[in-house]
Amino acid sequence: MANIVAIVGRPNVGKSTLFNRLIESRVAITDNMPGVTRDRHYGQAVWTEKYFTVIDTGGYVVGSEDTFEGAIRDQVEIAIEESSVILFVVDTMTGLTDLDKDFANILRRSKKPVFVVANKAETFERQQTAAEFYEMGLGDEIFPISAADGGGTGDLLDEVVKAFEDDGIENPNEGIPRIAILGRPNVGKSSFLNALTGKDRSIVTDIAGTTRDAIDTHYRLYGKDFILTDTAGIRKKAKVHESIEFYSVLRSIKALEDSDVCIILLDASKGLESQDISIIANAHNSKKGIVLMINKWDLVEKDSKTADRMKKEILERIAPMNYMPVVFASVLEKQRIFQVIEKAMEVYENKTFKITTSKLNEVMLPIIEQTPPPMLKGKQIKIKYCLQLPTPSPTFVFFCNLPQYIKEAYERFLQNKIREHFGFEGVPITIFFRNK
């Protein structure tokens with residue numbers, strides 16, 4: 001990520017709205033309430049065929065007693081350090097503030113190219129008043145824009161891309177496996193990501209709902225690249241009251257849908273709860289690879305059989321979705337956290353594994369001949385051959401004379417036989433029956 005643009009400023013000046021405008025997607029949550037964005041949030045953008053990464057940050061505040069403000073400041077400072085260009089967003093509606101002036105002094109020390117972006121300049125009058133921001137002595141030009149409707153952003157980006165040291169590359173995320181970290185609130189998702197990366201990539205507190213956006217992180221392990229996405233905790237709809245939390249949950253569901261593999265965290269001290277099953281079912285129905293990570297294993301009193309007993313209970317409760325690996329881990333103790341990632345990569349390989357038609361028929365047809373589908377209405381069902389479809393997840397078609405008479409129990413029998421002979425651990429298998 002050679003070209004990185006950080007969007008910074010005090011709360012509620014429109015940073016996330018500008019972020020969404022630049023990446024051409026409503027990814028970051030926007031709300032009039034200060035402090036909605038807390039973590040660094042990454043996205044990909046392109047302008048005049050130059051590709052770059054955009055970082056959205058939380059509002060920079062000094063002297064607040066809010067639990068999150070200190071952590072947000074740390075995140076902002078890390079984003080400034082990572083960036084090659086800084087967009088300092090100010091608000092033409094409220095004008096120049098003391099906090100803007102103080103933050104300008106911090107940015108001046110960064111020695112990075114800084115563009116002062118005067119947002120909410122929808123009217124001619126506000127565009128004129130944007131000149132007051134020259135008082136900060138930061139940058140050669142003030143750029144009045146409207147992040148909400150895009151006005152002025154083209155002129156801004158024309159100058160931003162000139163500050164890049166190179167032309168950038170096409171979307172660096174293309175073709176890289178995406179792994180989503182999912183679970184109920186407070187099961188340790190952000191702590192897990194931070195432990196893997198060795199950095200405070202996400203803000204962590206004991207308060208449920210700290211993470212609001214889905215946060216992408218590029219990660220490399222054992223010579224393989226992939227993208228980890230930390231998400232907000234998914235709780236029951238009846239317990240979602242704030243509009244911000246509602247959109248956070250939607251972002252988590254979107255991250256699930258965009259992923260290849262889901263690492264679903266469970267709290268070992270609480271066991272499998274109904275919302276955990278709901279999240280697993282969501283990933284299963286979306287045809288995603290799944291790894292179950294039982295976190296906080298260090299808090300459980302156990303003997304040599306505790307893990308096997310808990311694993312058996314969990315898989316029995318989620319049957320027939322019981323094809324996924326289960327790893328007992330502790331983020332706090334950094335116990336088996338890398339084994340979780342290894343399993344996720346194995347599941348990704350299983351998800352993309354293809355069986356030749358000849359091999360599939362060589363294995364499956366004798367099994368079908370030995371255990372054919374039960375007769376229905378006095379009619380014998382004959383399966384002639386089968387093949388795997390070129391789909392993102394393992395999907396098979398069995399051609400037969402009476403596909404409408406094959407029951408779900410026999411479909412599960414075939415799924416189990418495919419797993420028995422070809423693996424596919426952690427991956428849902430889909431089977432269709434078609435008329436020959």
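This table checks each residue for (1) closer than 17 Å to V54 by Cβ; (2) modelled with pLDDT under 90; (3) over 31 Å from the mean Cα position of the chain (by Cα).
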residue: E81; (1), (2), (3): yes, yes, no
residue: S84; (1), (2), (3): yes, yes, no
residue: T94; (1), (2), (3): no, no, yes
residue: M136; (1), (2), (3): no, no, yes
residue: S146; (1), (2), (3): no, no, no
residue: G150; (1), (2), (3): yes, no, no
residue: N173; (1), (2), (3): yes, yes, no
residue: G183; (1), (2), (3): no, yes, no
Could you tell me which of the residues K351, K359 is buried (at least 16 other Cβ atoms within 10 Å of the Cβ) and of a type outside the set (G, A, S)?
K351
Would you confirm whether any residue within region 51-61 is in a strand (DSSP E or B), modelled with pLDDT of 80 or more and among the charged types (D, E, K, R)?
yes
R412 passes all but one of (1) in contact (Cβ under 8 Å) with a residue 60 or more places away in the chain; (2) in a helix (DSSP H, G or I); (3) within 29 Å of the chain's Cα centre (by Cα); (4) closer than 22 Å to I277 by Cα; which number fails?
(3)
Being over 30 Å from Q415 (Cα atoms), out of contact with any Ser or Thr (no Cβ under 9 Å at 6 or more places or on another chain) and part of a loop (DSSP other than H, G, I, E, B) is the filter here; which residues of region 300-339 pass it?
E301, K302, D303, S304, E333, K334
I'd like to check something: does region 105-114 contain any residue that is in contact with a helix residue (DSSP H, G or I) (Cβ under 6 Å, 6 or more places away or on another chain), surrounded by fewer than 20 Cβ atoms within 10 Å (Cβ to Cβ) and assigned to a loop (DSSP other than H, G, I, E, B)?
yes
Can you go through E333, E316, E369, E301 and tell me which one is loosely packed, with under 14 Cβ neighbours inside 10 Å, acidic (D, E) and in contact with a helix residue (DSSP H, G or I) (Cβ under 7 Å, 6 or more places away or on another chain)?
E333
Qualifying positions in region 115-148 - surrounded by 14 or more Cβ atoms within 10 Å (Cβ to Cβ) and either β-branched (V, I, T) or closer than 16 Å to E159 by Cα (or both)
F115, V116, V117, A118, T129, L138, G139, I142, F143, P144, I145
List pairs: first residue in region 151-178 and over 25 Å from V117 (Cβ atoms), second residue among the polar types (S, T, N, Q) and at pLDDT below 90 anywhere in the structure, Cβ distance under 7 angstrom, at least six positions apart or on different chains.
N173/Q44; R178/T229; R178/S259
Just one of M364, M375, M345 is modelled with pLDDT under 95 and within 27 Å of Y405 (Cα to Cα); which is it?
M375
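The values are calculated or read from the model by the stated rules, or taken from the named source; none is laboratory data. In this text the structure is predicted, and so the values were computed from the model without any measurement. All Cβ positions, even for glycine, are placed from backbone atoms using ideal geometry, and neighbour counts span all protein chains on display.
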